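To keep things clear, I will list the structure first and then write my remarks on it.
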Amino acid sequence: MNILKNKKRLLKIVFTVSLLAISFHSFSKTKKDKNKPNIIVVFADDISAREIPIYGSSVWSPPEGGNTSDTNYRAKTPVMDKMAKDGCWFSTAWGATVCSPSRAMMMTGRYAHLHKWWHNGDLGRGINEKGKKGIWPLYESCPHTIGFVAKKAGYATYWAGKTQMKGSDVRLFGFDEGCLTPGEQGAEKNPYTDFVVSNKVVNGKKLLINEDTGKEVKYYAQTGWYWKPHIRLMNHPAASNSLEWWPNTAETQNDFGLNTYGPDVELDFIFDFMDRKNKEDKPFFIYHTSHLGHDGWDFFNPETKNKWPGTPKLEWKNGKYIRTTPNVTGDNGVYDTHGTVTESGIHNQINYLDYQLWQYINKLKEMQIEDNTILVFCADNGTSKYGKGSQESQKGVHVPLIIYAPGFELTKQGKQDILVNLSDILPTIASITGVKIPDDYEINGVSLWPYLTTNQTEHREWIYAYKKNKQLIRNNKVLHDGDGKWYDVREYPDDLISFPIIPKNTSANKYKVEQEKLQKILPQFDLHEAEHDAPKNAKNKIISDLELNKK
């Protein structure tokens, strides 16, 4: 009898412990579970590391582009400064030299020898089901995109801002919803804005025309993504179509106009998505590919030679931002901003990014999920008229990277003198979320999570970048650029770029061992000439704009 009683008592204890374990497991799967933290990646456009004050450069970009040390044109970023101090920032992070291949690197965790996006105008081709040639989409070359990795982990996914996914269907990248600027894919002409610089043929001559003024301009074709923006919603629950122009209601159409600022609209839709998913106790992944940092036609000042249109005015006071409500009037190229919009300059756009990061953090606090959210800030490539498109030294590839995770016990804080590549973000997200990428699927990035959460002192031995058939590679001692020059990079110069050049054919070259190490790595990626396009047997869904518009 005693044995039976003891067995019953033991079973009761086991049952009670099991209930507690189940209860704890159920609690751990709520939005407080750090096994499923929310993840936000703010991916800015055309911003060199030198433009961000924490990097300590003695040189940055003036409004017309180029170089200046005038502190009037240096960004002021109190929020980034705090994120970097309380979180981590990385002294040497690389993208590619220009937008499309760099975004392909971020989206896929792979280099161009696999995804085939070598440069903006040099994208690998493939054959579609109809036997026609077209751009090989990233979701075909690399099915484990950053959106699909997050979805596999059970995340709700949102894509806001710039896409730059030419020849692809934005709905096939693994994102549940989106707010896309510009949202031209497969659409008829935007009915809500005339802020367009378009290619037109006049008297047999190809011209660029500012549709707001009807005048010829010397720039590049674009639809406005800042003021009076071109915005298209993807899979919004209240929309009638999977891709729908915004404003799409009587109320929003009435409010839309000169004072509508694209970056604000993006954040409004992002926050709405965050609220909805938080109520569902579902973790979310936000991929915010902001245009801020990218030069653009200034429709308010069509005669200006400056490159970066102004933003709504901001003031940092008593630890918070105060934003001036825009008040712009006029039409047809003649506008009055009534002192509510800043002057041109990339520094003002970076200030606005800082303001948006402040909004993110405040929103997370309001939602009581700041301690369960990882916020990443980075950029795709170097600044226009300085580094963008350059294969010289690391001008084109050196970008800012900050990771802020206040609720996590990271083993690293502040400045990190390690080598990081944008391809590392995808495997880092996979590590955080517990997603296993197939062993036979090549990933060129390396997860940062072990470095950030253990006593590991190194992350990776080298980083790599590309521009068409030009290859760049560096370790902690030497750098090989796309022009074939070698640099001693053991210490950063004041301008972050003027590294000592290593002379060729130096007798008893003390750098020889390091150079040979890196030279042995390059051939595996040097496939621009030999394997430029999709493999002949590759599956390829190339969708024309006409086909997209029918969907």
Got a number for the accessible area of Lys385? Probe 1.4 Å, square angstrom, nearest 10. 140
Out of residues 5 or more away from Ile47 or on other chains, whose amide H comes under 5 Å of its own, with H placed 1.01 Å from N in the peptide plane? Asp380, Asn381
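Contact order normalised by length for the stretch 255-349, with contacts defined as Cα pairs under 8 Å and 6 or more residues apart; what percent is it?
The normalised contact order for the stretch 255-349 reaches 26 percent.
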Amide H contacts under 5 Å for Trp246, placed H, 5+ residues apart: Ile231, Arg232, Leu233
Rounded, prolate or oblate, given the Cα gyration tensor of the stretch 262-305, with a/c below 1.5 counting as rounded? prolate
For Arg50, Arg171, give the ranking by accessible area with the largest first, probe 1.4 Å. Arg171, Arg50
Two pseudo-spin positions, 7 Å from Cα along C-beta at Asn476 and at Glu531, lie apart in nanometres by 3.2
Just read off the accessible area of Asp371 with the full protein assembly in place, 1.4 Å probe, to the nearest 10 Å². 70
Of Ile501, Pro263, Asn72, which is farthest along the charge dipole of the chain in the positive direction, counting Lys and Arg as +1 and Asp and Glu as -1 at C-beta? Ile501
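Which percent, nearest 5, of DSSP beta bridges in the chain are antiparallel? List each step's numbers first, then the result.
Numbers: 51 of 78 bridges.
Antiparallel bridges: around 65 percent, rounded to the nearest 5.
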At what distance in angstrom do the alpha carbon centres of the stretch 157-218 and the stretch 308-370 lie from each other? 24
For the stretch 405-424 and the stretch 41-97, what is the separation of their C-alpha centers, rounded to whole Å? 17
Hydrodynamic calc, the chain: Kirkwood Rh from Cα pairs, then Stokes-Einstein at 20 °C with viscosity 1.002 mPa s, so D in µm² s⁻¹ is 86
Applied in sequence order to the stretch 57-73, the curve 6.51 cos²θ - 1.76 cosθ + 1.60 (Karplus, θ = phi - 60°) yields integer Hz couplings, x standing for Gly and Pro, of 5, 8, 9, 8, 9, x, x, 8, x, x, 10, 8, 10, 6, 5, 5, 10
Check which residues have an amide H placed less than 5 Å from His236's amide H, if you skip close sequence neighbours. Gly178
On a full-extension model of 0.36 nm per residue, what is the gain between Lys279 and Lys517, subtracting their alpha-carbon distance, rounded to one decimal in nm? 80.5 nm
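Multiply the residue gap between Glu216 and Thr71 by 0.36 nm, knock off their C-alpha separation, and tell me the result in nm, one decimal place. Intermediate results must be reported in sequence, preceding the final value.
On the way: separation 145, 0.36 × 145 = 52.20 nm, distance 3.50 nm.
Between Glu216 and Thr71, full extension yields 48.7 nm more.
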Over the C-alpha atoms of the stretch 48-87, what are the Rg and the largest Cα-to-Cα span, Dmax, in Å? 10.7, 34
If ligands, DNA and RNA are left out, what is the accessible area of Tyr73 with a 1.4 Å probe, given in Å² to the nearest 10? 80
Virtual spin-label span in nm between Asp440 and Thr324, 7 Å along Cα→Cβ: 6.1
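What percent does the relative contact order of the chain come to when contacts are Cα pairs within less than 8 Å and at least six residues apart?
Details: 1157 pairs, mean separation 139.9, N = 551.
That works out to 25 percent.
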Quickly work out the Asp268-to-Thr252 label distance, labels modelled 7 Å from Cα along the C-beta direction, and quote it in nm with one decimal. 0.8
Ranked from highest to lowest mean number of other Cβ atoms within 10 Å per residue, what is the order of the peptides 241-248, 99-106, 336-343? 99-106, 241-248, 336-343
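The values are calculated or read from the model by the stated rules, or taken from the named source; none is laboratory data. Computed from a prediction, not measured in an experiment: that's the story for all the values here. Cβ coordinates were reconstructed from backbone atoms using ideal geometry, including for glycine residues, and neighbour counts include every protein chain displayed. Just so you know, the surface numbers come from the protein's heavy atoms only, side chains and all, with ligands and any DNA or RNA stripped out. Shrake-Rupley method; radii C 1.70, N 1.55, O 1.52, S 1.80 Å.
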